[in-house]
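A short write-up of the structure that comes next.
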Amino acid sequence: MADVFISNSDHLSVIYRRAFKYHGPIWKCGYPKNDMLVQNNHEEGMKARKDLGIPSDQKMLLYAPTWRLRFTQEHHIDMNVYDLDIQRL
C-alpha cells in the first residue's frame with residue numbers, strides 16, 4: 001500500500017523489506033524525522049537555540065532514548081539504564 005519507502009541506509013532498507021514484505025522502490029536519501037538534526041543548517045540551529053533559550057556559545061547534547069514500555073514488558077529490559085543524573089552529566 002506504499003509507492004515508495006524512504007530509508008537512511010542499506011541496513012534499514014533490508015529491515016523494511018522483511019518487516020513490511022515490501023518489494024517496491026526504496027529511496028536511500030535520508031530519514032525525515034531526524035534529517036534536520038544532521039543537516040548543519042545554521043539558521044535552523046539558531047532558531048532552535050532561541051526557541052529553547054540556549055545561548056549560542058553553549059554546546060548542546062541531544063539525548064533521545066528509543067525504548068518503549070512494550071519492549072520492557074516483552075523483553076524484560078531494565079529501564080534503570082535511563083535513570084541519568086542530568087546535573088552530573
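The values are calculated or read from the model by the stated rules, or taken from the named source; none is laboratory data. Owing to the predicted nature of the structure, the values given are computational and were not obtained by experimental measurement. Methodologically, a virtual Cβ is constructed for each residue, glycine included, from the backbone with ideal geometry; neighbour enumeration extends over all protein chains shown. Just the protein is used for accessible areas: all its heavy atoms, side chains included, with ligands, DNA and RNA removed. Shrake-Rupley method; radii C 1.70, N 1.55, O 1.52, S 1.80 Å.
Every residue in the stretch 46-56 that is part of a loop (DSSP other than H, G, I, E, B) and surrounded by fewer than 12 Cβ atoms within 10 Å (Cβ to Cβ), please.
The initial filter retains those residues of the stretch 46-56 that are part of a loop (DSSP other than H, G, I, E, B), namely 53-56.
The answer is GLY53, PRO55, SER56.
Mind listing whichever residues of the stretch 13-45 are at pLDDT 90 or above and not in a loop (DSSP other than H, G, I, E, B)?
SER13, VAL14, ILE15, TYR16, ARG17, ARG18, ALA19, PHE20, ILE26, TRP27, LYS28, GLU43 - these are the residues of the stretch 13-45 that are at pLDDT 90 or above and not in a loop (DSSP other than H, G, I, E, B).
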Conditions: (1) of a type outside the set (Gly, Ala, Ser); (2) open to solvent by less than 100 Å² (accessible area, probe 1.4 Å); (3) at pLDDT 75 or above; (4) outside any helix (DSSP H, G or I). ILE77 meets all but one. Number of the miss? (3)
Filter the stretch 16-45 down to the residues that are under 12 Å from ALA2 (Cβ atoms) and open to solvent by less than 60 Å² (accessible area, probe 1.4 Å) and list them by number. TYR16, TYR22, GLY24, ILE26
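Sort out which residues of the stretch 1-15 are in contact with a Gly (Cβ under 8 Å, 6 or more places away or on another chain) and open to solvent by 90 Å² or more (accessible area, probe 1.4 Å), and write them in order of number.
Of the residues in the stretch 1-15, the ones in contact with a Gly (Cβ under 8 Å, 6 or more places away or on another chain) are 2-6, 8.
If the condition is that a residue be in contact with a Gly (Cβ under 8 Å, 6 or more places away or on another chain) and open to solvent by 90 Å² or more (accessible area, probe 1.4 Å), then ASP3 is the only one that fits.
Kindly evaluate LYS59 against the criterion of being open to solvent by 100 Å² or more (accessible area, probe 1.4 Å) and either modelled with pLDDT under 70 or not in a helix (DSSP H, G or I) (or both). Steps first, please.
Values: open to solvent by 100 Å² or more (accessible area, probe 1.4 Å): yes; either modelled with pLDDT under 70 or not in a helix (DSSP H, G or I) (or both): yes.
The answer is yes for LYS59.
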Only residues in the stretch 1-22 that are over 19 Å from LYS33 (Cα atoms) count as the first member; pair them with residues that are at pLDDT 90 or above and assigned to a helix (DSSP H, G or I), Cβ under 7 angstrom, at least 6 apart or cross-chain, and list the lot. TYR22/TYR16
